[in-house]
1. Treating only the Cα positions of the stretch 57-166 as identical point scatterers, give the base-10 log of I(q)/I(0) from the Debye formula at each q in 0.10 Å⁻¹.
2. Amide H to amide H, which residues 5 or more places from residue 144 or on other chains are under 5 Å from it, using H placed in the peptide plane?
3. Which length gain, in nm to one decimal place, applies between residue 152 and residue 108 when the Cα-Cα distance is subtracted from 0.36 nm times their residue separation?
4. Along the Cα-to-C-beta direction of residue 133, a point sits 7 Å from the Cα; which residues of the stretch 77-114 have their amide N less than 13 Å from that point?
5. Which links in 94/151; 107/147; 65/130; 107/151 stretch past 22 Å when you go from one Cα to the other?
6. Using a 10 Å cut-off around each Cβ, can you sort 110, 119 from fewest to most neighbouring Cβ atoms?
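A short reminder: the numbers here are calculations on the coordinates, not readings from a lab. Just so it is clear, the structure is predicted and the values come from calculations on it, not from any experiment. Here the Cβ is made from the backbone with ideal geometry for all residues, glycine too, and neighbour counts use every protein chain on show.
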Amino acid sequence: MRYINNIINVPHFYFMKKKIPFLHIILLAICILLTGNINAQVDKKQPENVSPDGMNNKKMEAIFKSETDELEGQLGNWQMMYGGSLILVLTDEKNNRMRIFTPVVDKTKLKEGQLEKMLEANFHSALDSKYSLYNGYVVSIFTHPLKELGKDQLIDAMRQVVVLSRTFGDSYSSTELIFGGGTEKEGEEKEKPKKKLKKM
């Protein structure tokens, strides 16, 4: 702002001497001010489907009650059935974190090459949900900042976690989208999940 004031307060004869139209300098100052206002508005814009005060445990539980079956647990620690699969959700409001996961298989039952395929899938075909290990099990997991999570994003995350667990050993994918083609052989058609999730 001080820079702009300095430009405006420079005597008119200076610009005449430098052969710089004074009107152009005024227009430049206005453009700088407008750019600053636009940037401030963009920074304040909330992500789509995110409420002004953000996601929290109570809002999340309300979504679970309408979208899932057999909801059990308490605020910040739930288990439920979604699309016929068990999913677990943990949150930490103090540290603004949340995670959704479902068990896939006992890690001792992994076949040769499956661990490598999971790691490759985490780059190519497992999008917002990923494969991980927890307490001796392979799990499908989604993690995200809690407050910034929108309702539609939460529902989609539950779906991806379930789909990724079901496609283990096959396409290792959480959606139909694959970045970079993955490790699918050329000309080979990738199978889609046969079962449809409930309450989509």
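1. Once normalised to I(0) and log-transformed, intensities are -0.28.
2. Sorted by chain and number, the residues that satisfy this are 98.
3. On the way: separation 44, 0.36 × 44 = 15.84 nm, distance 3.54 nm.
Extra length available between residue 152 and residue 108 comes to 12.3 nm.
4. Within reach of a label on residue 133: 106-111, 114.
5. Correct reply: 107/147; 65/130; 107/151.
6. On the way: 110 17, 119 13.
Least to most surrounded, the residues fall as 119, 110.
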